[in-house]
């Protein structure tokens, strides 16, 4: 990786933060746009979450005896009830370790 | 002078509880950076130059998958596009500041700092020095993020590969969505994004699956929003 790509990424990130503060006085975004922008995390994060869970190293679908699917479901359940970010991550990680080191051995 | 210091301290105190999940997130990021072999300087460099946890992990993931610079750049931009909203919301309170202030505050306007300073600004609209709150909150986030990145870099050179820590990428982002699990509309948007990304992972060229999935899901979100507004 080149430092140049990191600097460009830093620049674009800065611009997403700076542009609106610099350009707007207020309420340039209407309610509809604000509502849609509030969906951005829900629209992007699953695209990062899903492929490494459901696809194997060759990129083909792996639904059978896939410990990541079980661990992710367990993490979702813990997240749903606890509403705690750290508890969710560790629930997923510990159940994953349990499955790969103990159950599937 | 004391009021400035008071407001700055207020910002630090307000944002502190939100730093608890940031520490392990930063450590995970540092470990992944080392795991993918970009080395300690670049791993820390990303934290300083980009200073956006989610986008840094996306960058690493796409880079290790062999994505092109253009795809990496647009994906990072897409992940961080939520800041447009933050800026638009806060601009109302920051419009009278000098350019230097706007630049400094933009650099540290991350999710957690936005969340607490937005609340503070709403309550203290008339305060002349209210921007010190965002400065305090933002630089607290910055400091904690850099320290936990370094911790991750140190740990990353020790942690064995068998632990499958790359799975924590999925888990971390999943955890960031827990507040969306109870909203049916958000679940539809999430499933759209996840399914398009999984199906498109091989089918969509140039590793552009994140962008394509995100745009598809945002179109669904827009449709939901429009039909919702019509009902009212």
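Computed from the coordinates by the stated procedures, all read-outs in this text should not be read as laboratory data. This one's a predicted model, so the numbers in the text were calculated from it and none came from an experiment. Here the Cβ positions follow ideal geometry from the backbone for every residue, glycine too, while neighbour counts run over all protein chains shown.
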Order the peptides A:94-101, B:135-142 from the highest to the lowest mean number of other Cβ atoms within 10 Å of their residues.
B:135-142, A:94-101
Note: B:187-200 gets an average of partner chain Cβ contacts (10 Å, Cβ to Cβ) equal to 6
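Residue B:13 to residue B:122: FRET efficiency via 1/(1 + (r/R0)^6), r the Cβ-Cβ distance, R0 30 Å, to the nearest 0.05?
The formula returns an efficiency of 0.95 here.
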Could you order peptides A:50-62, B:21-33 by the average number of other Cβ atoms within 10 Å of their residues, highest first?
B:21-33, A:50-62
Output row, site residue B:103, 7 Å Cα→C-beta label point, backbone N cut-off 18 Å, window segment B:137-166, residues B:139
Using Cα centres only, tell me the gap between segment B:70-128 and segment A:43-105 in whole Å.
33 Å
Give the calculated FRET efficiency between residue B:96 and residue B:163 to the nearest 0.05, with a Förster radius of 51 Å applied to their Cβ-Cβ distance.
0.50
With Cα atoms, 0 to 90° folded angle of helix A:3-23 axis to chain A main axis
50 degrees
Once a ≥ b ≥ c are taken as the square roots of the eigenvalues of the Cα gyration tensor of the protein assembly as shown, is the result rounded (a/c under 1.5), prolate (a/b larger than b/c) or oblate (a/b not larger than b/c)?
prolate
Considering the alpha-carbon set of segment A:39-103 alone, what are its Rg and its Dmax in angstrom?
12.6, 39
Using only Cα atoms, tell me the angle between helix A:67-82 and the longest principal axis of chain A; keep it within 0 to 90° and round to the nearest 10.
60 degrees
Where does segment B:2-164 land on Rg(C-alpha)/(2.2 N^0.38 Å)?
1.13
Between 0 and 90 degrees, rounded to the nearest ten: what's the tilt of helix A:85-97 against the longest Cα principal axis of chain A?
30 degrees
In peptide B:41-49, how many Cβ atoms from other protein chains are near each Cβ within 10 Å, on average?
3
Rank the residues B:69, B:106, B:216 as a footprinting-exposure proxy: fewest other Cβ atoms within 10 Å of their Cβ go first.
B:69, B:216, B:106
Helical contribution to [θ] at 222 nm, DSSP H n ≥ 4, -39,500 (n - 2.57), averaged over the protein assembly as shown, rounded to 500:
-24000 deg cm²/dmol
Taking other Cβ within 10 Å of each residue's Cβ, how do B:119, A:36, A:102 sort, fewest first?
A:102, B:119, A:36
